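Please read the structure below before turning to the comments.
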Amino acid sequence: MSLRVEDVMVKEVITVDEQWTVKEAADVMNRFEIGCLIVTKDGKAMGILTERDLLKRVVSQAKSPRKTRVKSVMSKPLIVVEPDMDLEEAAKLMFKLKIKKLPVVGNGQLKGLVTLTDLARFQPQMIRILKKLSEKMAPKRMQKVVDYYVV
């Protein structure tokens, strides 16, 4: 039996509107102790805001968090997967695109979020797959997760 994304995804995803300020978004991240937010426009997922986005596009460029809108610094286009996608295929997609977080969308609705960390923690079969993928194509920021969780 093959595992699917919906078997390991986080189902309660925190979202923010693209018009929010970076300061407001960072406050939400801190309140929920999370590293990313899905950005919406009129209720539809449009992008993702990660801690790395904040560092690269706000802090390192000395932009004002109180004036900068989320839509100007979020990562887009949003790369998503469907709930019934095979977990190994999702892992391959993450490594190929060098991303650690994949929003899960089904029937046009945000259903969840699956992260590289979720995959690494899940089970021995995924650990073998991640180890194999990391030997071939893992950038430093992904290698840290693999090194920590994959023994």
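Only the coordinates and a few stated rules stand behind these numbers; no lab work does. If you're wondering where the values come from, they're calculated on a predicted model, not measured in any experiment. Glycine also receives a Cβ, built like all others from the backbone with ideal geometry; neighbour counts cover every protein chain displayed.
Summary table
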{"read-out": "Which of L113, L49, L97 has the fewest Cβ neighbours within 10 Å, and the rest in rising order", "value": "L97, L113, L49"}
{"read-out": "Ranking of L3, L37 by count of other Cβ atoms within 10 Å, fewest first", "value": "L3, L37"}
{"read-out": "When segment 1-72 is reduced to its Cα atoms, the Kirkwood hydrodynamic radius in Å", "value": "13.0 Å"}
